[in-house]
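The values are calculated or read from the model by the stated rules, or taken from the named source; none is laboratory data. Just so it is clear, the structure is predicted and the values come from calculations on it, not from any experiment. Using ideal geometry, Cβ is built from the backbone for each residue, glycine included, and neighbour counts are taken over all protein chains shown.
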Amino acid sequence: MTTSPDAPTVLPATARALEHLLAAAQAEHRLPSVVAGVVRGGRLVWTGAAGTAVDEAAGERPPSATGTQYRIGSITKTFVAAGVMRCAEDGLVGLDDPVGRHLVELGTDGVGALTVGQLLGQASGLQAETDGPWWERTAGEGWDRLRELLGPGALRHRAGVRFHYSNVGYGVLGELLGRLRGAAWDEVVAEQFLRPLGMDRTTTRPQAPAAQGFAVHPWADAVLPEPEHDAGAMAPAGQLWSTVADLARWAGVVADGAGVLRRESAEAMREPQVVDDARGAAWGAGYGLGLQLWNTGGRRFAGHSGSMPGFVAMLRVDVETSDAVLALTNSTTGFGDLPVRLLTAFTDAEPAAPRPWRPQAVDADVLELLGPWYWGPAPLVLRAGRDGSLELSGLTGRARASRFARDAATGAWRGLDEYYAGEVLRPVRGADGSVSHLDLASFRLTRTPYDPDADVPGGVDPGGWRP
């Protein structure tokens, strides 16, 4: 086992359990090599490696859990998406902009009419793969050639209505990112993310030590080297190579922006755009703005898988705790559910410590809003969030709920999530200056059920409550 120099380590018993899971997966799935890591508090707390990596320069050698490069496939999409979100932060593009507004050669209908947000969220309906040769195994061509393929026939579904994974869409987004910044997409990613985060082992082509990708024969213990090449205009869909150590830093961007992306942008990337509604199965997966999302028993995870010939990768972050798992292998068929098993074993053995409670300052005009309220006869409660928000929830069971942030200009509160996202919560004061009731999206929240003095729409029966 190896760890980053300044990181705490897991308990010895936890390390042994994780190492066993890794070794068992390497044997069960017949992986030439596999490396993995677990992140807590923004640092690698455990790394492991199994098998034998092969690279042309060094030949066979044990893989380094932190130093050996593997191709990360579609995890590349998260970097492109973050770059587009930075453009949105800087006012260069809007998520509702038709992509043809910025790539004028695409026109104003067809592919050109797809919005940037639809492309980011895999909701564009654009074809999954390019026409012609298998792009992942053949040398790529430039944007002009990809653009020629983006005619009316490239649209497989009506935009915005279903999840349809499109590598082609990220080829388009890579060109958009480069066009908006006046540089190649990978140069933008390096400038805005890789260098500031110290991810100096994340590159578009392999740099030694780097694992050779293999296909493992399905019925024999034999391997076949897979090709590696520059994917050209399709590179934004899966070109990057990286290490466990570098991806541990990128997990922080998924969690909270890590200082290179605004926190609200990271939160927007984790907001579901579409669900993966597989036939005959309850859905537990979806897609945000460049991130895969998983919902396991109410527990939310975000990140991305990656697959290219010879390689499979996974980055998965627990949204609540920011604990993360990383796994990389140089086998086309991959490692099954190893990442989930590693993260579950770690968090079961060493649960994340709860955030310590501390008193906090609360404004007087916020204090008077807190406590029980009633939506008709249904009891609700307003609490003060530790981030300055108000949190509305049911007092005795499930109810319409939301968090609200104060609008500095008006003093009203605007919904951040769930049912009342975007709606306004406005305290209404009586003649004596005290809060009479709350106006919420036309509803009246009162201190007693159907308070007759609170201007309840439709009035309150003058006979009052009765047996």
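General observations
- Filtering region 164-210 to residues that are β-branched (Val, Ile, Thr) and in contact with a Phe, Trp or Tyr (Cβ under 8 Å, 6 or more places away or on another chain) leaves VAL189, THR202, THR203, THR204.
- Exactly one residue out of VAL325, VAL274 is touching a Lys or Arg at 6+ places or on another chain (Cβ under 7 Å), of a type outside the set (Asp, Glu) and modelled with pLDDT under 95: that is VAL274.
- Per-region count, region 327-354, residues part of a loop (DSSP other than H, G, I, E, B) and either closer than 30 Å to PRO206 by Cβ or free of Cβ contacts under 8 Å to residues at least 12 places away in the same chain (or both): 10
- Flag if VAL381 is surrounded by 13 or more Cβ atoms within 10 Å (Cβ to Cβ), touching an Asp or Glu at 6+ places or on another chain (Cβ under 8 Å) and not in a loop (DSSP other than H, G, I, E, B): no
- Comparison of LEU92, LEU106 shows that the only residue that is surrounded by fewer than 20 Cβ atoms within 10 Å (Cβ to Cβ), over 15 Å from ARG263 (Cα atoms) and of a type outside the set (Ser, Thr, Tyr) is LEU92.
- Tallying residues that are under 17 Å from ASP348 (Cβ atoms) and in a strand (DSSP E or B) within region 285-326 yields 7.
- Selection status of LEU293, within 26 Å of GLY41 (Cβ to Cβ), without any contact (Cβ under 8 Å) to a residue 24 or more places away in the chain and of a type outside the set (D, E, K, R): yes
- Qualifying positions in region 427-467 - more than 27 Å from THR410 (Cα to Cα) and not aromatic (Phe, Trp, Tyr): PRO449, PRO452, GLY458, GLY459, VAL460, ASP461, PRO462, GLY463, GLY464, ARG466, PRO467
- Only a single criterion out of (1) more than 30 Å from ALA421 (Cα to Cα); (2) touching a Phe, Trp or Tyr at 6+ places or on another chain (Cβ under 9 Å); (3) touching a residue at least 40 places away in the same chain (Cβ under 8 Å) is not satisfied by VAL260, namely (1).
- Search result, residues across region 99-129 that are over 16 Å from GLU175 (Cα atoms) and in contact (Cβ under 8 Å) with a residue 60 or more places away in the chain: GLY121, GLN122, ALA123
- In the set (1) crowded, with 16+ Cβ neighbours inside 10 Å; (2) within 27 Å of the chain's Cα centre (by Cα); (3) over 19 Å from GLU264 (Cβ atoms), the condition left unmet by GLU391 is number (3).
- Unmet requirement for TYR170, which otherwise passes all of (1) under 27 Å from the mean Cα position of the chain (by Cα); (2) over 30 Å from TRP294 (Cβ atoms); (3) among the aromatic types (Phe, Trp, Tyr): (2)
- Matching residues in region 357-373 - criterion: being under 16 Å from THR448 (Cβ atoms) and either exposed (fewer than 10 other Cβ atoms within 10 Å of the Cβ) or of a type in the set (Phe, Trp, Tyr) (or both): TRP373
- TRP46 within 30 Å of PRO354 (Cβ to Cβ), at pLDDT 90 or above and among the hydrophobic types (A, V, I, L, M, F, W, C): yes
- Some residue of region 132-139 being hydrophobic (A, V, I, L, M, F, W, C), within 20 Å of the chain's Cα centre (by Cα) and closer than 21 Å to THR78 by Cα: no
- Contacts under 9 angstrom Cβ, first residue in region 416-437 being not assigned by TED's automatic domain parsing to the domain that holds GLY376, partner part of a strand (DSSP E or B), 6 or more apart: none
- Positions within region 246-276 being surrounded by fewer than 18 Cβ atoms within 10 Å (Cβ to Cβ) and on the phi > 0 side of the Ramachandran plot, in sequence order: GLY259
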